[in-house]
There are 2 protein chains.
Amino acid sequence: MTIAWRERPIGVVGLGLIGGSLALDLGAQGLRVQALVHRQATAERARQRRLADQVSTDPAVLADCALVVLALPLDRLLEPSTELLAALPPGSVITDVGSVKGPVLECWGQWPRFVASHPMAGTAAAGVEAGLTGLFAGRPWVATPTADTDPEALEVVRDLAEAVGARWIECPAADHDQAVALISHLPVLLGAALIEVAGQAPLARALASSGFADTSRVGGGNPELGTLMARYNREALLAALARYRTRLDGLEQLVRGSDWPALAEQLAQAQALRPEFLGP
Amino acid sequence: MTIAWRERPIGVVGLGLIGGSLALDLGAQGLRVQALVHRQATAERARQRRLADQVSTDPAVLADCALVVLALPLDRLLEPSTELLAALPPGSVITDVGSVKGPVLECWGQWPRFVASHPMAGTAAAGVEAGLTGLFAGRPWVATPTADTDPEALEVVRDLAEAVGARWIECPAADHDQAVALISHLPVLLGAALIEVAGQAPLARALASSGFADTSRVGGGNPELGTLMARYNREALLAALARYRTRLDGLEQLVRGSDWPALAEQLAQAQALRPEFLGP
């Protein structure tokens with residue numbers, strides 16, 4: 001490792017669920033974390049929670065950092081303030097945690113030593129109260145390097161990810177965006193549509209059980225987050241929706257045609273396939 | 001209560017998840033349970049597990065019962081064997097646990113003292129190993145009485161349901177079948193379609209997390225059960241699918257039209273509505 005990122009403060013921009021959790025895990029290893037947040041109230045609460053060694057609303061807090069993690073919501077990541085851009089130390093490695101990688105590379109791909117990455121961990125919580133230790137342990141941390149990505153910078157971000165226990169995965173941004181459209185963004189719309197249609201039947205509310213609760217969980221999640229995902233992964237989400245519709249149409253035709261052996265076969269395929277998504 | 005059902009053995013036909021759990025809970029209260037099962041191997045295992053006081057493959061085991069619970073899969077419930085029909089004691093209260101009530105009433109509605117009911121409790125397990133204590137505690141137990149239903153028989157089944165801690169709900173069979181189509185049967189197809197479409201992207205398998213796992217759980221469930229539900233609740237399921245499709249189309253149009261404020265509004269409605277399904 002030519003870039004001695006552990007010997008300099010690590011900058012974290014944003015102390016929400018991801019930024020706060022990352023700061024806590026790094027701090028627990030004795031690494032120095034200096035965080036930039038947007039609002040004074042957030043800074044105060046972050047200090048009370050001891051999320052980082054130093055928390056400030058002044059971009060100068062990043063000055064000494066060799067590695068800066070942009071843990072911002074997608075919209076603020078993709079429309080960075082000029083103050084933030086001016087505060088990023090020349091030569092430092094910059095990475096992000098955004099859940100869509102194509103637009104991030106369009107915005108940041110030409111920045112020297114930028115590495116597009118996405119730690120795939122989360123809870124339903126958000127904001128400065130949400131950060132917790134151990135969030136990344138065993139979870140995928142996906143990087144989507146391009147031909148322009150600095151190999152040393154990529155190694156630094158990999159080192160960071162592995163330092164907090166994540167599983168490192170590299171793939172093209174388009175593959176990542178297609179995969180998250182299928183496994184994260186499509187389920188939001190499916191679940192929301194299910195809640196809306198079931199909400200029309202009062203008895204359904206009284207009878208719903210864990211099956212409904214599970215199927216609808218992400219559909220009933222944070223609406224701002226769901227909207228940002230749809231907005232910045234629109235093409236991949238529309239493609240996923242089209243493919244999903246074809247599959248659902250196929251199942252519906254089996255029901256309409258009372259083709260029960262074929263339906264049982266399709267459901268058996270789904271049953272056999274699902275464990276492959278659940279990891280080791 | 002004119003029918004002293006507690007003072008006579010209670011018959012349970014089938015010792016799968018529901019029948020076995022019911023037998024265990026009733027036995028724990030000192031009530032005598034006599035169970036009829038289909039196969040000798042099941043009878044032996046049920047005896048080893050002490051699911052009931054008496055377990056037999058001989059329908060005569062039901063002879064003394066004042067209350068018989070048909071805890072059979074839908075297909076066997078709706079095509080009862082002549083041996084079973086002959087073994088049901090004249091004058092006894094009969095109820096079922098089927099997840100669809102319209103076809104059950106068509107088949108059994110003219111049987112004297114039959115009460116169509118559906119304890120809405122379950123786990124992913126099935127078979128003689130699946131039964132466990134406390135399965136019904138706090139869960140809805142829905143009855144769908146008709147004008148022909150014997151009021152005393154209805155009271156007996158209500159007493160049974162409350163004896164194992166369930167919440168008693170009465171409603172028309174059509175309302176029940178519409179509700180379970182929305183909250184149970186539709187999620188099976190949605191989840192199965194999601195698994196199938198995500199299965200086409202190898203990276204999706206590596207990156208899937210708890211959100212995907214939850215959304216797809218019932219879609220990856222028992223295919224025989226899912227097929228029976230679709231088969232015997234076909235009309236209500238097709239109606240639910242049509243209404244779901246309209247909702248999903250609406251969300252897709254907002255994404256296609258990049259109408260982010262309207263999408264955020266729809267997702268916020270889903271977020272606000274979902275807790276109403278989750279019970280107290």
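The values are calculated or read from the model by the stated rules, or taken from the named source; none is laboratory data. Note that the structure is a prediction, hence the values are computed from the model and not measured. Quick reminder, even Gly has a Cβ in these numbers, built from the backbone with ideal geometry, and neighbours come from all protein chains shown.
Read through the list (1) more than 19 Å from A:P73 (Cα to Cα); (2) in the same structural domain as A:Q48 (by TED's automatic domain parsing); (3) surrounded by fewer than 20 Cβ atoms within 10 Å (Cβ to Cβ), then give the number of the only condition that A:E129 fails.
A:E129 satisfies every listed condition except (1).
One residue is enough: does the range A:125-147 have a residue meeting the conditions farther than 30 Å from A:V218 by Cβ and either among the aliphatic types (A, V, I, L, M) or free of Cβ contacts under 8 Å to residues at least 40 places away in the same chain (or both)?
Yes: the range A:125-147 contains one or more residues that are farther than 30 Å from A:V218 by Cβ and either among the aliphatic types (A, V, I, L, M) or free of Cβ contacts under 8 Å to residues at least 40 places away in the same chain (or both).
Could you check the range A:166-175 and list, in sequence order, the residues that are crowded, with 21+ Cβ neighbours inside 10 Å and either without any contact (Cβ under 8 Å) to a residue 60 or more places away in the chain or within 7 Å of chain B (Cβ to nearest Cβ) (or both)?
The answer is A:A166, and nothing else.
Of the residues B:L267, B:L182, B:L248, B:L241, only one is within 19 Å of the chain's Cα centre (by Cα) and not aromatic (F, W, Y); which? Before the answer, list the steps.
Numbers: B:L267 fails: within 19 Å of the chain's Cα centre (by Cα); B:L248 fails: within 19 Å of the chain's Cα centre (by Cα); B:L241 fails: within 19 Å of the chain's Cα centre (by Cα).
Only one candidate passes the filter, namely B:L182.
Hey, which of the helices (runs of 4 or more DSSP H) in the range A:29-105, taking only ones fully inside, have at least 3 residues that are among the polar types (S, T, N, Q)?
Working: elements: A:40-48, A:74-78, A:82-87.
Ranges flagged: A:40-48.
Can you tell me which residue among A:A193, A:A179, A:A153 is of a type outside the set (K, R) and more than 7 Å from chain B (Cβ to nearest Cβ)?
A:A153
Suppose we filter the range B:197-223 for residues that are surrounded by fewer than 23 Cβ atoms within 10 Å (Cβ to Cβ), in a helix (DSSP H, G or I) and at the interface with chain A (Cβ under 7 Å from one of its Cβ atoms); how many remain?
8
Identify the residue in the range B:235-266 that is polar (S, T, N, Q) and under 19 Å from A:G219 (Cβ atoms) and, among all such residues, is farthest from the other protein chains (Cβ to nearest Cβ).
So, considering only residues that are polar (S, T, N, Q) and under 19 Å from A:G219 (Cβ atoms), the one farthest from the other protein chains (Cβ to nearest Cβ) is B:Q253.
Report yes if A:A161 is in contact with a strand residue (DSSP E or B) (Cβ under 9 Å, 6 or more places away or on another chain) and either assigned to a helix (DSSP H, G or I) or at pLDDT 95 or above (or both), otherwise no.
yes
Scan the range B:267-280 and report the pairs whose first residue is within 7 Å of chain A (Cβ to nearest Cβ) and whose second residue is hydroxyl-bearing (S, T, Y), with Cβ atoms within less than 7 Å and a gap of 6+ or a chain change.
Listed pairs, sorted by first residue: B:L267/A:T227; B:R274/A:S216.
Among (1) touching a Phe, Trp or Tyr at 6+ places or on another chain (Cβ under 6 Å); (2) touching a residue at least 40 places away in the same chain (Cβ under 8 Å), there is one condition B:G102 misses while meeting the rest; what is its number?
So B:G102 meets the others, but not (1).
Suppose we filter A:A230, A:A236, A:A193 for residues that are over 15 Å from B:A268 (Cβ atoms) and among the aliphatic types (A, V, I, L, M); which single one remains?
On inspection, the qualifying residue turns out to be A:A236.
Of all the residues that make up the range B:235-260, how many are among the aromatic types (F, W, Y) and buried (at least 20 other Cβ atoms within 10 Å of the Cβ)? Walk me through it before giving the result.
Our first condition is that a residue be among the aromatic types (F, W, Y); within the range B:235-260, this holds for B:244, B:260.
Then keep just the ones that are buried (at least 20 other Cβ atoms within 10 Å of the Cβ); that gives B:244.
Count: 1.
Answer yes or no: is there a residue in the range B:2-9 that is farther than 16 Å from B:D159 by Cα and hydroxyl-bearing (S, T, Y).
Here is the first cut: in the range B:2-9, the ones farther than 16 Å from B:D159 by Cα are none.
Scanning the range B:2-9 turns up no residue that is farther than 16 Å from B:D159 by Cα and hydroxyl-bearing (S, T, Y).
Would you point out which residue out of A:A121, A:A153, A:A193, A:A125 is assigned to a helix (DSSP H, G or I) and under 30 Å from B:L186 (Cα atoms)?
Residue meeting the stated conditions: A:A193.
Can you pull out the residues in the range B:1-28 that are closer than 18 Å to B:G98 by Cβ and assigned to a loop (DSSP other than H, G, I, E, B)?
Correct list: B:G14, B:L15, B:G16.
Tell me which residues, restricted to the range A:224-234, are outside any loop (DSSP other than H, G, I, E, B) and either buried (at least 23 other Cβ atoms within 10 Å of the Cβ) or more than 7 Å from chain B (Cβ to nearest Cβ) (or both).
Listed by number, the residues that qualify are A:L225, A:G226, A:T227, A:L228, A:M229, A:A230, A:Y232.
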